[in-house]
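I have placed the structure first, in the form of C-alpha cells, so that the comments after it can refer back to it.
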Amino acid sequence: MAINPFKPTAGKMPPILIGRQSIIDDFSEALTNGVGAPGRIMLVTGQRGFGKTVMLTEFRRIAKAQQWETIAETASQGLVSRLVTVLAPSGMRLNQADISPSISIPGIATASLGQAHFSAESNPLTLRNALNKRLESKKIRKGKGILITIDETQAASHEDLVAIATAVQHIITDADESDVPDDEKKGVAIVFAGLPYMINDLLDNEVTTFLRRALRRELDNVPLPDVKNAYLETVTDSGKSISESDALEAARRSEGYPYMVQLVGYYMWQSAQRRGSSIITTDDVAAGVADALLAFDDAVCASALDGVTSAERLFLKAMAMDSPQVTRIGDVVERTRRSRSWVSKYRAILIKDKLIQPAGHGQVEFAVPHLGEYLRSL
C-alpha cells in the first residue's frame, strides 16, 4: 500500500526541508567549528506553520549524527527544573561546594539561576552546575557536547530565561578559559524557537543581552519554484506523477507557506489515491487546495488570533474587507473610526507580531496567508 509522503502534522519531519538548507548548514557547521561558533546559540523565529518545530527536530538529528547528546524541551512552568532533572540522572552525586544558588552580574541585580531539589540529600542544583557535571561525564566524547532545543520560547517565564541564558553564557566562558585544546573542548549548543515577538521580549531583557550575539534566523515563505520542484520530486519518489503546470499551480496556491505546502501536497496526493490513480490531476490539485484551506484555518488562522486584543482585531477586520488585496491605511482609519495615531500604533504592533506587513507606501497586507478570508468567515 502506498503511503502519503507529505507530513503536515506539527513537528513531523517533511520529506524535504525546502528553502531551509542555509539555516541547517549554519547549525551543522557550528557544531563542527567548536566552542564559540555563533551557530551554537541560535534564535529561530517564524509565524505558526513556518516549520520551527521541524527545524528543531532536524537540528537534534544532526547533533545526534555528530555524537552529541540532545535535550528537547517546550517552554512551560518548571522548564529549568526539568532541564536539571534530565541533566542529572539518578545516581549522579553532586558536589555541594560547586553549587551557586545565584550569580551577580556587574551593574545588574543578582539573578536567580533556578534551582531543583534533586538527589536524596536534596542538594539545590543550579543549571550551570548540572551542565558542567554532565559535560564532565565520559559519555560525552572530547570535542562533543550537549544540544538543548527549546520550542515555544515565548511561553517561557522571565526567571527561566534568565537562568538558561546566564548558565549557558558561563559554560561557554568556562570552556574558552580552559587549557584544553580547542578540538577537545566540550560545549553546549542551545536553540530557542518561537513566535516573532519573542525576539523583542528576549533582547529587551538586560540580563539576556548575550543573546544579541546569537545567530538569528527567521523562517519565511519558501520561493515558489522551490515548492514546485519539491512537489515534482516528492510525488515522483512516492510512485505517482504530476505535471509541471499542476505542480506550479499547487505551489502558487500554497503561497510558499511551509505548513500549507505540506497540507496541499498531502490532500492532492490523497485525492488521487482515493481514485486509485497514480496521476495527480488538475482536479486533484483543486480538491487538495480546498481541503488544505479548511485544515489551515483550524490549525493556523485560529491560532494566529490567540491573544489578539479587541483593538488589534478591529484593525484586522478592517483589513479583511480587502483581502487578499492590500489595504490602504486611510481605509483602516475610515472603517475603524479611529484616529490616525491610533491606527499607526496598532499597525506597528501587528507588524511587530508578524500578523501584517507593509505593502508599499501607506498600505499593508496580511502576513499570514488566508487570515483575511478567515476573519471574514467568522
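Would you confirm, using the coordinates I've provided, whether Asp298 is out of contact with any helix residue (DSSP H, G or I) (no Cβ under 6 Å at 6 or more places or on another chain), surrounded by fewer than 16 Cβ atoms within 10 Å (Cβ to Cβ) and under 14 Å from Val368 (Cβ atoms)? Yes: the conditions hold for Asp298.
For segment 254-273, the criterion of being among the acidic types (Asp, Glu) and over 30 Å from Val191 (Cα atoms) is met by no residue.
In the set (1) aliphatic (A, V, I, L, M); (2) open to solvent by 40 Å² or more (accessible area, probe 1.4 Å); (3) out of contact with any strand residue (DSSP E or B) (no Cβ under 8 Å at 6 or more places or on another chain), Val326 fails one condition alone, (3).
Taken together, Glu334, Glu312, Glu373 contain a single residue that is part of a helix (DSSP H, G or I), surrounded by fewer than 15 Cβ atoms within 10 Å (Cβ to Cβ) and not aliphatic (A, V, I, L, M), which is Glu334. Annotation for segment 337-346: no member residue is aromatic (Phe, Trp, Tyr), under 27 Å from Gln262 (Cβ atoms) and buried (at least 19 other Cβ atoms within 10 Å of the Cβ). Of the residues making up segment 347-362, those that are open to solvent by less than 60 Å² (accessible area, probe 1.4 Å) and on the phi < 0 side of the Ramachandran plot are Ala348, Ile349, Leu350, Ile351, Asp353, Leu355, Ile356, Ala359.
Condition check ((1) surrounded by fewer than 18 Cβ atoms within 10 Å (Cβ to Cβ); (2) farther than 18 Å from Pro225 by Cα) across all residues:
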| position | (1), (2) |
| --- | --- |
| Arg253 | no, no |
| Pro258 | no, no |
| Val261 | no, no |
| Arg275 | yes, yes |
| Ala304 | no, yes |
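For segment 221-245, filtering for residues that are surrounded by 15 or more Cβ atoms within 10 Å (Cβ to Cβ), at pLDDT below 95 and not in a helix (DSSP H, G or I) leaves 3.
For segment 129-177, the set of residues classified as more than 26 Å from Pro196 (Cβ to Cβ), open to solvent by 40 Å² or more (accessible area, probe 1.4 Å) and either of a type in the set (Ser, Thr, Tyr) or part of a loop (DSSP other than H, G, I, E, B) (or both) consists of Lys138, Lys139, Arg141, Lys142, Lys144, Thr173, listed by residue number. In segment 315-364, the qualifying residues are those that are touching a helix residue (DSSP H, G or I) at 6+ places or on another chain (Cβ under 6 Å), modelled with pLDDT of 95 or more and hydroxyl-bearing (Ser, Thr, Tyr), and the one that is farthest from Gln47 (Cα to Cα) is Thr336.
The values are calculated or read from the model by the stated rules, or taken from the named source; none is laboratory data. As the structure is a computational prediction, the values presented were derived from the model and not from experiment. Backbone-built Cβ (ideal geometry, glycine too); neighbour counts: all protein chains shown. Keep in mind that these areas ignore ligands, DNA and RNA; they rest on the heavy atoms of the full protein, side chains included. Shrake-Rupley method; radii C 1.70, N 1.55, O 1.52, S 1.80 Å.
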